[in-house]
Every structure is written in structure tokens, then in C-alpha cells.
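The values are calculated or read from the model by the stated rules, or taken from the named source; none is laboratory data. The structure presented is a predicted model; accordingly, all values stated were derived computationally and were not measured. Cβ atoms come from the backbone with ideal geometry, glycine included; neighbour counts cover every protein chain shown. The protein model used for the area step is the full one, side chains on, heavy atoms only, and it has no ligands, DNA or RNA in it. Shrake-Rupley method; radii C 1.70, N 1.55, O 1.52, S 1.80 Å.
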Amino acid sequence: MVLRKSLFFAAVASLYSGGRAVDNGLAVTPQMGWDNWNSFGCAVSETLLLNTAQLIVDYGLKDLGYHYVILDDCWSAGRDASNNNSLIADPTKFPNGMKAVADAVHALGLGFGMYSSAGKYTCGGYAGSQGFETVDANTFASWGVDYLKYDNCYNQGQAGNQLISYTRQVVSDYSMMQANHARYATMANALNETGRPILYSLCNWGEDYPWNWGSTIANSWRITGDVYDSWDEPDARCPCDGPDAWNCGLPGFHCSVTNIMNKASFVVSKAQPGAWNDLDMLEVGNGAMSDAEYVAHFSLWAAVKSPLILGNDIRVITPADLALLSNPAVIAVNQDPSGSSAARKWLYATNGTDAYGGASIQLWSGNLKSTTGGDQNDVVVVLINGNNDTTVMNATLADIFVDNGPAGTAAQVKMSWEVRDLWANRMSDAEAQAIITASSAAGNATTGYNATRVGAGRYNATKTSYAEGLANNDPLLLGKVSTTVQPSGTIIATVDPHGAAMFRLRALPTGKKDEL
Ligand code: GAL
């Protein structure tokens, strides 16, 4: 009995310790890519994936770092009893089989992702992987899969606290946990045992606090129910809105960008290299938000180190959306080598007319690796305007550096900072249109599109990583100098309704240093 108890506590301690991230060497910076779900749902096919993959190359999105092409739910036709119960790719949607898709994606220099669920069925009602973890992991590896998004539907009640979510069965003998009888951990082990590095993306919607245990087995974990193409539309199906919604028992779906930002604000410290809070796929380009709202959505996802997974139909991307998603100065914040998330420093309710307690304005900031060669970090600052009107917003150095010392006492508050606007150099719509036109001008027999080398002046992270580019002070990554903020000063920005201003602060040499 005593032994049992101590084993139990040992197991619990190892689950809860946070520990270091899963050691598969992947997602050292947040993963980037495209997933079909937000714009296509179950309408998946080989043609869709390969056309999209080609466009990701043609439009320079691959060069910017969007690497994984991820096939979401609804791809299978059940299990093959005569072949070890392995999953079968739907022959109508994938006439050449899944390995052919993976090979074609790889031939473009991209990674291939797939989806399953830690339940009896997937959310779309297709065969799930619970109880078939090893056979499915082996199938994925044999097809050449590089990424698994692992969902939470039809888990047969095996959720409700951290151990149950983590464990596959409610075990009567706690020592069984040492043998890895675990729902999400079973798949982690099965993936590891294939010997193929497969990025592991948990999708249990923030249920059972995955930020506490996800880092021990996975590269990222969703923190909320499904995102919706809406800035702040309240929806009863995504409960727990507002600034105190950290403990949401029902993740739901139809979660607005504002709702997800609130939920993210509590768990930012859990992000670390190899293990990230996933705020869900991007809605940029799906048409229901304004350009300013998409700017704020993208800025915030980048600053908190969420995976950046495109969720739009790339075949009909607008120039404005291509320009937005191609901003290397913002992506460089997401891919910063220090891998620490920005945090919300304040949120003030305003007299705006938005639902759910009125509109709010917010300041987020956090450390970035220094690009000045000094020992002082760069800093990212994001001001978000939830008001329905253009708003002049202020970020004081005292608030930005509150973690370094309260009430303006931080040494950094007494310094001067170069302020660089990270949206100032957004590509023009005309430039983005030229890329789109050149790429889709003439049909290519396989994809319907012509691969076109994208123009100079765009960042190519496949040649020079963001870490290197930042170390070299590549101007494409540093935005545009907009002003200098003096000691104890304030950054002032005029922010669009539901929009964001985003800055990189770089330390200016102090007078003292000059004298030395
Ligand atoms: C949801 C998941 C979505 C999508 C969908 C597929 O549970 O959160 O991102 O994968 O299932 O059915």
C-alpha cells in the first residue's frame, strides 16, 4: 500500500513537473504551415493538397517558413482487417494513396502533416486511433508523414482531469502509468518508436490543462476550442469569455480571436522551444474579418509564439492577405531564437460598444534576442485596440518593463530605445498582385499553376534562418525606425479599430558607454 502510494506520487510528479520539452528536435521555433480545415472542412483531396503545396512554393510562402502541408480530418476509408487493421486512405479522395501525396509534398521541399484523434472516432466520425496507436504511427511513418495533429473527439469519457487525459485507461494499479498506458502519451511513444521524427501537435482544446503536461510528450497543444473567423462575436458554444476565463471547463467551438487572446494571456509562460501554446490555425484570408482585425490576429499569434498555420484557401488568396501573411518582420518575432512568449501587461475596459463587458485595449510585450550585439534584449510591443473607433494608445516604458521592476524602477526604463514599426514595410498590394499573377498565369499539367521564382526583396528563411538573419541585422526582419523613446518615455500609436500596432524596441547605447 505504501509502495503503491509512493509510486502514484512519483508518477504524478513526473507528469506535472513541466520538465523539458519532448526531445524529438522539432519545433525549436513554432511550427509554420497550412492546414485545410478552416476553409475546406471535410472537402479534402490529393488535388487540393498538391495545388496548395505548389502555390505555397510559388507565392514565396515556403521561403518565409510555412513548411508543413497538413491534411486534417475526413481522409480515411476505415481500417483494413486483412492488413493489421491499418488505416486506409480514401481511394476517391486520394487515388494514388497517401505515400504519393507525401512524396509529392516532399519533392517541393515541404513537410507533410496528417490528422487523427485520441478517441474511437475522429471529430468527423472517421476511424480514430485510440487502441491503434502503434499500427497507426507505423502507417504514418511508412507514408512519410512529418507531423501529426492529434484530436480529442470520441474519447469515451477519458477526460476530466490531467491524469485521465494523459492516461489511456483509468488504471487501478498506478504503477501501470510507468508502463505508459496513456492516451496522449501512448501515441507520443508510438511516434517515437517509429524512428521517424514526427512533429506532435496535441489538439485537446485546452481540456485538462495541457500546458501543464503537454511539454513532456508533444511539440504543441491547443489551448482553446476551435477558432472562428470573427474578431469578438460572442457565441454560447465557446463559453468562458472575458478577462477571468482561465479555468474553462468547456472548450467549445466558434471561439473569436478576442476570446482566444484572453485565454492565451494566462498561460504564456508555458511556451518554450520545442513546446508551444497553440492558439489554433489562422483565419487570415477567410473573409469575415477586416484587414485591421487580421493584422491584430496575426501580430498576437506571432508574439505569443503560437504555431503559424495558414487556414485560408491559397488558390484564391487576395493580394492584401498575401502581403499580410508575408511580413517577415512579424514572422521573425514568432521565430525568434529565444523562444519566449510576449505577455499581456494590461487590459483596460473602454466605453466601446462591443459585447461581453465592453471593448478593451491591451498591451502585450516580451523579450526577443538582442540584435544590437549588446547584452540588452530587444523587446516586442503589441498594442491592441478592441474599440470600434481609431484610438490613440500609449505604452509606457514602465509598463513594458514591469517584469524587470515594478512601478518604473527597472533599469530599462532609464534607457533610450529605438522603436521600429513592424508593419511599416508590409508589401504593397500591387507587389503581391504581381506575384499572384505571375504564378498562376499559365497552366502546368500537374498542378494547374506555374512555379515562379518570387522576386528579390522577400525573405528566404530556407536559405538564411530567422536566427541568422536577425544576427546579421537583415533589414527585412527589423521593420522601419519610427521614433526613439527617451528614458521614462511613452510609445504613442494611432491604432485602427480592432487593429494592432507592433514594434521592435532596440536598446540605444547609453551615454556612459560612449564615454568609456
Ligand atoms: C476539431 C479540431 C479542428 C479540426 C476538427 C476536424 O476538434 O479542433 O481543428 O481538426 O476537429 O474535425
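Accessible area per residue (1.4 Å probe, heavy atoms of protein chains only) ranks Cys203, Cys42 as Cys42, Cys203, with the largest value leading.
Consider all pairwise Cα distances in the chain and report the whole-number % of them above 41 Å. I get 20 percent for the Cα pairs in the chain exceeding 41 Å.
When only the Cβ of Lys, Arg, Asp and Glu is charged (+1, +1, -1, -1), the dipole of the chain relative to its Cα centre reaches about 1160 debye.
Hey, for a label at Thr409 modelled as a point 7 Å past Cα toward Cβ, could you say which residues of segment 356-400 have their backbone N under 15 Å away? In segment 356-400, the label zone of Thr409 (backbone N under 15 Å from the point 7 Å along Cα→Cβ) covers 398-399.
Accessible-area rank, largest first, for Trp34, Trp211, Trp246: Trp246, Trp211, Trp34, with all protein chains present and a 1.4 angstrom probe.
Highest mean first, the peptides 226-232, 307-313, 287-293, 397-403 sorted by other C-beta atoms within 10 Å per residue fall in the order 307-313, 226-232, 397-403, 287-293.
Note on Tyr348 and Thr372: the extension gain reaches 5.4 nm, defined as 0.36 nm multiplied by sequence separation minus the Cα-Cα distance. The slack between Asn83 and His106, meaning 0.36 nm per residue of separation minus the straight C-alpha distance, is 5.7 nm. Working note: Debye formula, equal point scatterers on the alpha-carbon atoms of segment 208-357, no solvent; log10 I(q)/I(0) at q = 0.20 Å⁻¹ is -1.36. Determine the alpha carbon to alpha carbon distance for each of Lys149/Lys305; Lys345/Lys414; Lys62/Lys480; Lys263/Lys345; Lys62/Lys93; Lys270/Lys345 and list only those over 21 Å. Over 21 Å apart, Cα to Cα: Lys62/Lys480; Lys62/Lys93. For segment 2-338, the fraction of 1.4 Å probe accessible surface lying on carbon and sulfur atoms is 53 percent. Taking the C-alpha atoms only, the angle from helix 429-440 to the longest principal axis of the chain is near 30 degrees. Counting only Cα atoms, segment 53-168 measures 45, 35, 22 Å along its principal axes, largest extent leading.
Dividing the C-alpha radius of gyration of segment 301-439 by 2.2 N^0.38 Å, with N its residue count, gives 1.23. In the chain, taking the dipole from charged Cβ atoms about the Cα centre, the farthest positive-side position among Val44, Ala471, Ile435 is held by Ala471. Counting only heavy atoms of the protein chains, get the accessible area per residue of segment 2-338 (1.4 Å probe) and round it to a whole Å² value. Per residue, segment 2-338 has an accessible area of 33 Å². Between the Cα long axis of helix 291-303 and the first principal axis of the chain there is an angle of about 80°, rounded to the nearest 10.
Relative to the dominant Cα principal axis of the chain, helix 2-16 is inclined by about 50°.
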